[in-house]
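Participant: I have a structure here, written as structure tokens, and I will follow up with some questions on it.
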Amino acid sequence: MVTTDRDADGGNTAATTATGGQAPGSLRGPLARFRVAAFATGIGLLGLVVVMVIRYGFDNAGPSAVYSPIHGVVYMIYLVLAVDLALKARWSVKGTIGVLLAGCVPLLSFWVERKVHQRVTAGKKL
């Protein structure tokens, strides 16, 4: 069953579903991919913090030279998948930029992933 409710943003409408906590059918795949990417980005950021401590705290640039490019690729994948979900879920520009920047702060990507999942499954926009 699909109903239209007023969004808390002041006039935007969003389709909500009564599917028992699941995202609407067209968003299940993009949401699942985003969740995996957000988790991988969060783990990657924690690894990057460790590598930066080794680099600057112990003056050893070896691990950083290997890990930093890997982390960069993981973050680029996160960006692409977040924008894909944002376009399909019709997020605002402000919400999209917030989610993209959340991938830059260690531990924040885990919290934002949870909030995005809750809002998308509820049929709300970001």
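The values are calculated or read from the model by the stated rules, or taken from the named source; none is laboratory data. Values in this document were obtained by computation on a predicted structure and should not be read as measured data. So basically every Cβ, Gly included, is an ideal-geometry build from the backbone, and we count neighbours across all protein chains shown.
Participant: Output the residue which, of all residues in the stretch 71-110 that are under 9 Å from the mean Cα position of the chain (by Cα) and among the aromatic types (Phe, Trp, Tyr), is nearest to LEU27 (Cα to Cα).
Facilitator: This residue is TYR78.
Participant: For the structure I just gave you, tell me whether ASP84 is closer than 30 Å to HIS117 by Cβ and of a type in the set (Asp, Glu). Don't jump to the end; show me each part of the working.
Facilitator: Details: closer than 30 Å to HIS117 by Cβ: yes; of a type in the set (Asp, Glu): yes.
Spelling it out, ASP84 is indeed closer than 30 Å to HIS117 by Cβ and of a type in the set (Asp, Glu).
Participant: Moving on. Picking from LEU81, LEU108, which residue would you name as being modelled with pLDDT of 95 or more and of a type in the set (A, V, I, L, M, F, W, C)?
Facilitator: Exactly one of LEU81, LEU108 is modelled with pLDDT of 95 or more and of a type in the set (A, V, I, L, M, F, W, C), namely LEU81.
Participant: Still on this structure, please answer the following. Taking only the stretch 51-66 into account, find how many residues are outside any helix (DSSP H, G or I) and surrounded by 15 or more Cβ atoms within 10 Å (Cβ to Cβ). Talk me through it step by step, then tell me what you get.
Facilitator: Filtering the stretch 51-66 for residues outside any helix (DSSP H, G or I) gives 58-61.
Filter once more, keeping what is surrounded by 15 or more Cβ atoms within 10 Å (Cβ to Cβ): none.
Residues flagged as outside any helix (DSSP H, G or I) and surrounded by 15 or more Cβ atoms within 10 Å (Cβ to Cβ) within the stretch 51-66 amount to 0.
Participant: Please specify each residue of the stretch 67-126 satisfying the condition of being of a type in the set (A, V, I, L, M, F, W, C), surrounded by fewer than 15 Cβ atoms within 10 Å (Cβ to Cβ) and in a loop (DSSP other than H, G, I, E, B).
Facilitator: If the condition is that a residue be of a type in the set (A, V, I, L, M, F, W, C), surrounded by fewer than 15 Cβ atoms within 10 Å (Cβ to Cβ) and in a loop (DSSP other than H, G, I, E, B), then CYS104, VAL105, LEU107, ALA122 are the ones that fit.
Participant: May I ask you to list the residues in the stretch 77-101 that are under 28 Å from VAL49 (Cβ atoms) and free of Cβ contacts under 8 Å to residues at least 24 places away in the same chain?
Facilitator: Within the stretch 77-101, VAL80, VAL83, LYS94, ILE97, LEU100, LEU101 meet the criteria.
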